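As C-alpha cells, the structure follows; a few thoughts come after it.
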Amino acid sequence: MAGDFTCFTFDVAANNVAHVRFTRPEVHNMFDSTAHGEFVRLLKDIWGRTDIRALVLSGEGKSFSAGGDMNMMLKQNGDREMRDSVGWEARAILEILTDLSFPVISAVQGNAIGLGATIATLSDIVVVFEGARIADPHVHLGLVAGDGGVLSWAQSVGLNRAKRYLLTGDTITGRQAYEMGLATDIVDSAEGVLDVAMGIANRIAALPKWGVMGTKRAFNKLTRTIGTPALELGLAYEMECMGGQEVLDTVTKAMAAMKAKKK
C-alpha cells in the first residue's frame, strides 16, 4: 500500500501498530487536491482491517500539517462540481476517523492548522510538542469551521472555549492545548513527540484486543451521536461559503500577503 501514495507513507509493524506519515515537509504537509483524495483512499483502505491494534499519525518536517491549500480553495470558489467532490471527501475523512475500531494517536511535533488541527484533535490521543502552534483559522478566510473543528474542539475543551478560538481563529501553543485538554500528552522537544506517541500505541497494542476495541467503539458512538448533526450542518455551510465572493477576496488577499512576505 505504501507505494500507492505520493503524499503519505503507511506501514504496519509486527506488533500491529500502524503508522501514517505525512511526507511533504516542503509544503508543510498541506492538503491540496492530491493529498485530500489520497488521505480518503488511505483511510478507506484501513477502515475495515482487523490486524491493526493502534494507528499513529505523524508529519515530517516542521509542521504536522498546515491544513488546506489556498490554491485549491480558489479553484473550488469557481467550480461547484469540485466543491461537491471536496465536500464529499471531507465528510468521508471525518466519518472514518470517528468510526475506526482501533485507537488513533496523533504525534503533533509542529504546527497543526485548519484541517491539520482537526485531524489531530479528532484523534483519541494527542501527543504535542509544547512549542507547536495550533489554530483553526477558517473564519479568517470567510469560511465556516465545518470540517470537524466545531466537533473536535468542543468535545475536548468545552463549548464556550471552543467558541472563543473558532470564532476568532486565534492560535494557541502546544502547552496551552495541553492545559485546555485539547492535547492529552505534552513533550518538551519536537523530536521526542513521535517516540512518546509510538510508546503509547505499543502499550495499547499489547492489551487484550476486544477490550480496547469495544471501549473505542463506545466512544465512537458518543462522538457521532453528539456531533453528527453539527458536522453535517457545518460542512454544508462551509461549502456554501466556499463559492462566495468573500472567500475569493480574503483568500486572494492572503495569498498576495504570503508572496510578499517570501520576497
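Quick note: the coordinates plus some simple rules give every number you see, no bench work behind them. Predicted model, so just to flag it, every value in this text is computed and none were measured. Glycine gets a Cβ as well: all are built from the backbone with ideal geometry, and neighbour counts include every protein chain shown.
Where the centroid of each part is defined by its Cα atoms, how far is region 151-172 from region 1-36 in Å?
Taking the Cα centre of each part, region 151-172 and region 1-36 sit 28 Å apart.
Can you list residues from other chains, or at least 5 along the same chain, whose modelled amide H is less than 5 Å from the amide H of residue 186?
128
Given the DSSP H assignment, sum -39500 (n - 2.57) over each helix run of at least 4 residues in the chain and divide by its residue total; what's the result at 222 nm in deg cm²/dmol, nearest 500?
Rounded to the nearest 500, it is -17000 deg cm²/dmol.
Quick check: net charge around residue 91, other residues with Cβ under 14 Å of its Cβ, Lys/Arg +1 and Asp/Glu -1?
-4
With a 10 Å Cβ neighbour count serving as the proxy for reagent exposure, in which order, fewest first, do 75, 263 appear?
Exposure proxy ranking, most exposed first: 263, 75.
If packing is taken as the mean number of other Cβ atoms within 10 Å per residue, what is the order of 102-108, 208-214, 123-129, 183-189, highest first?
Result, highest mean Cβ count within 10 Å first: 102-108, 123-129, 183-189, 208-214.
Rank the residues 6, 34 as a footprinting-exposure proxy: fewest other Cβ atoms within 10 Å of their Cβ go first.
Ordered by Cβ neighbours within 10 Å, fewest first: 6, 34.
Suppose the chain between residue 260 and residue 9 were pulled fully straight at 0.36 nm per residue; how much longer would it get relative to their current alpha carbon spacing?
Once the chain is fully extended between residue 260 and residue 9, it gains 87.0 nm.
Using 7 Å Cα-to-Cβ label points, what is the residue 168/residue 195 separation (nm, one decimal)?
Distance between the two pseudo-spin positions: 3.6 nm.
Just the number: Rg to Rh for region 171-228, Cα atoms, Kirkwood Rh, two decimals.
We get a ratio of 1.07 for region 171-228.
Measure of size requested: the Rg and Dmax of region 149-191, with Cα atoms as the atom set and Å as the unit; please supply both.
10.8, 33
Taking H as built 1.01 Å from N, whose amide H comes closer than 5 Å to the amide H of residue 132, not counting residues under 5 places away?
So residue 132 has HN proximity to 174, 175.
With the crude spin-label approximation of a point 7 Å out along Cα→Cβ, what separation in nm comes out for residue 92 versus residue 179?
If labels sit at residue 92 and residue 179, their model points lie 4.1 nm apart.
Just name one of 182, 210, 64: the one whose Cα is farthest towards the positive end of the charge dipole of the chain (beta-carbon charges, Lys/Arg +1, Asp/Glu -1).
Sorting the options by dipole projection puts first 182.
Over 22 Å between Cα atoms: which of 62/253; 163/221; 163/261; 163/253; 44/216; 75/163 fall into that group?
Correct reply: 62/253; 163/221; 163/261; 163/253; 75/163.
By count of other Cβ within 10 Å, fewest leading, how are 72, 180, 30 ordered?
Fewest to most other Cβ atoms nearby, the residues stand as 180, 72, 30.
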